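Below you'll find the structure, written out as structure tokens, and then a few comments.
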Amino acid sequence: MNIGYACLTVGVPDTDQKSCMLKNANKEKLLELISYNLNSLENIIDYNIKNKIKLFRISSDIIPFGSSPVNNLEWWDIFDSQFSRIGHKIKTSGMRVSMHPGQYTVLNSPKKEVVENAIEDLRYHTKILDTLGVGEDNKIVLHIGGVYNDKSQAIRRFISNYRELDDSVKQRLIIENDDKSYNISDVLEIGSIINVPVVFDNLHNQVNPFDKSKSDYYWIDKCKETWREKDGIQKIHYSQQNPLKKAGSHSSTIQINKFMSFYEGLERDDIDIMLEVKDKNLSAVKCINCTSIDKSIKDLEIEWSRYKYMVLENSPSDYVEIRKLLNEKDAYPATEFYNLIENALSKEITIGNSINAALHIWGYFKKKATDREKNSFLNNIEKYEQGQTSLKTIKNNLWKMAVKYNQSYLLDSYYFI
DNA sequence: CACCGTCAAGTCGCA
DNA sequence: TGCGACTTGACGGTG
């Protein structure tokens, strides 16, 4: 079983994706952006390998305007060697990647042009995975599309348009239930007609259910039947509702207790779980650590090194509790650990606590800082106390110093997120 | 450096 | 008939 995250990282340097506005797109700009984004992708893959994350969704934005005539670069050729190198890393590390075109890729539209664009976009996504050289179990997940006041007609259109797709696209395309038009029963029906694997999304099913009396596990079992040997093991999407936002919005982090009860109820290992959550890789590592059988206290200590100043800033009392918890070197209290972290991060930051945490970070530079840096830091703290500057300014300042003095311990800290 | 309106694309609901 | 929401971060222009 693999657990992974989608598109972006949090707190990992040099992994961001860049784009530009259409009007500013030209050959030079696009080449620069693609090169930058591939470099970020490679850093993400390296990070995933280092952190034993074996499931990852590649952002559709990796090639800006990738399926638009505005971008007529033969990027698969120009950047061939970097694609191969990244693909090699993915394959040799046993990672499984995927892609997921967004809401604008609609294969079942009644408009010819919309369908043509969708086909082009699916070709683009396929080209990325093919250029990486990853196997057929690295999939492209698509929603069915619109309803247009006639669902059965819209479904028929999806099916006939699907049948016209290139074989290379068909090899990778799989379908998913969405949160307003096509529920899991609809998608299973379509999947069985065209022989395409179905991805179950638990939150979409919660918001747009076919039958509320059926459990998630019921549908997950149904979907399993749509996955063939060559497709790899079954994949699902898992997310939790953000309690502050409207139905279907992803939570900021995965609540570990809730996830663990879902996971334990699965009673299966032959399944990949793609998390959709705001804190991305943080939740992936959390869930991996809580479900792995071969981890030790060392893995929690690594996590603690990343979370500690963030926790200190939110809740000094939880900081003390967690340190106590990690004192028992033969234990592996992963879920207790993350419960305390979640608890700490749910608390509101006070000025006093944030200054305390900033001073802890400052301790790394105290002796090496120039007089100017020292004055600037202390001056900022004073101004912050009086409400004349923001915490963000202080953190930006400390981040620059962490980079300058190459404090790798701090560069990996979530304090700066 | 901080702020904020805007951004390729499609569909749907609502005024 | 036309506009905002959807959902999201980042671009890019401004102060």
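Values quoted throughout were computed directly from the atomic coordinates according to the rules given, and no laboratory measurement underlies them. Computed from a prediction, not measured in an experiment: that's the story for all the values here. Cβ coordinates were reconstructed from backbone atoms using ideal geometry, including for glycine residues, and neighbour counts include every protein chain displayed.
General observations
- Among A:Arg57, A:Arg268, A:Arg228, the ranking by other beta carbons within 10 Å of each residue's beta carbon, starting with the fewest, stands as A:Arg228, A:Arg268, A:Arg57.
- Computed extension gain for A:Val70 through A:Met21, at 0.36 nm per residue and net of the alpha carbon distance, reaches 16.5 nm.
- Hypothetical label at A:Gln206: residues of the range A:276-317 whose amide nitrogen lies under 18 Å (7 Å Cα-Cβ projection): A:276-280, A:283-284, A:287
- Charge-dipole axis of chain A as Lys and Arg at +1 and Asp and Glu at -1 on Cβ define it, positive-most pick from A:Tyr405, A:Gln103, A:Ile62: A:Tyr405
- Calculated from backbone phi, Karplus (6.51, -1.76, 1.60) coupling profile of the range A:294-301 in Hz, x at Gly/Pro: 10, 9, 9, 4, 4, 5, 6, 5
- About the centre of its Cα atoms, chain A shows a dipole size close to 1020 debye [charges on the beta carbon of Lys, Arg (+1) and Asp, Glu (-1) only; nearest 20 debye].
- Computing FRET efficiency as 1/(1 + (r/R0)^6) for A:Leu244 and A:Lys180, where r is the C-beta to C-beta distance and R0 is 25 Å, gives about 0.75.
- Neighbourhood net charge (9 Å Cβ-Cβ; Lys/Arg +1, Asp/Glu -1) for A:His204: -3
- For chain A, alpha-carbon Rg over 2.2 N^0.38 Å: 1.08
- Net dipole in debye of the range A:64-169 [+1 Lys, Arg Cβ; -1 Asp, Glu Cβ; about Cα centre; nearest 20]: 400 debye
- Sites A:Glu113 and A:Ser160 - FRET efficiency at Förster radius 22 Å, r taken between beta-carbons, to 0.05: 0.80
- Projecting the Cα atoms of A:Gly387, A:Leu142, A:Phe259 onto the charge dipole of chain A (Cβ charges, centred on the Cα centre) puts A:Gly387 farthest toward the positive pole.
- Mean-position separation - Cα centroids, the range A:35-52 and the range A:184-250, in angstrom: 29 Å
- Among the listed pairs A:Lys139/A:Lys170; A:Lys367/A:Lys392; A:Lys111/A:Lys139, those beyond 20 Å (Cα-Cα): A:Lys367/A:Lys392; A:Lys111/A:Lys139
- Residues whose amide H comes within less than 5 Å of that of A:Val199, counting only those at least five positions distant or on another chain, are A:Ile175, A:Glu176, A:Asn177 (H built at 1.01 Å from N in the peptide plane).
- Using Cβ point charges alone (K and R +1, D and E -1), the dipole size of the range A:264-309 about the Cα centre works out to roughly 400 debye.
- Here's the list of lysines a cross-link from A:Lys27 could span, going by alpha-carbon distance under 19 Å and ignoring same-chain residues fewer than 8 apart: A:Lys18.
- Extension reserve of the A:Lys258-A:Asp46 stretch, reckoned as 0.36 nm per residue once the Cα distance is removed: 73.4 nm
- Taking each residue as 0.36 nm, the span from A:Lys383 to A:Asp269 lengthens on full extension beyond its C-alpha to C-alpha distance by 35.7 nm.
- Beta-bridge orientation, chain A: approximately 5 percent antiparallel, per DSSP, counting only bridges with both partners inside.
- With 18 Å as the limit on Cα-Cα distance, the pairs of A:Lys50/A:Lys298; A:Lys278/A:Lys395; A:Lys52/A:Lys286; A:Lys91/A:Lys222 that go past it are A:Lys278/A:Lys395; A:Lys91/A:Lys222.
- Taking 18 Å as the straight-line reach from the Cα of A:Lys366, the aspartates and glutamates in range (excluding those fewer than 8 positions away in the same chain) are A:Glu382.
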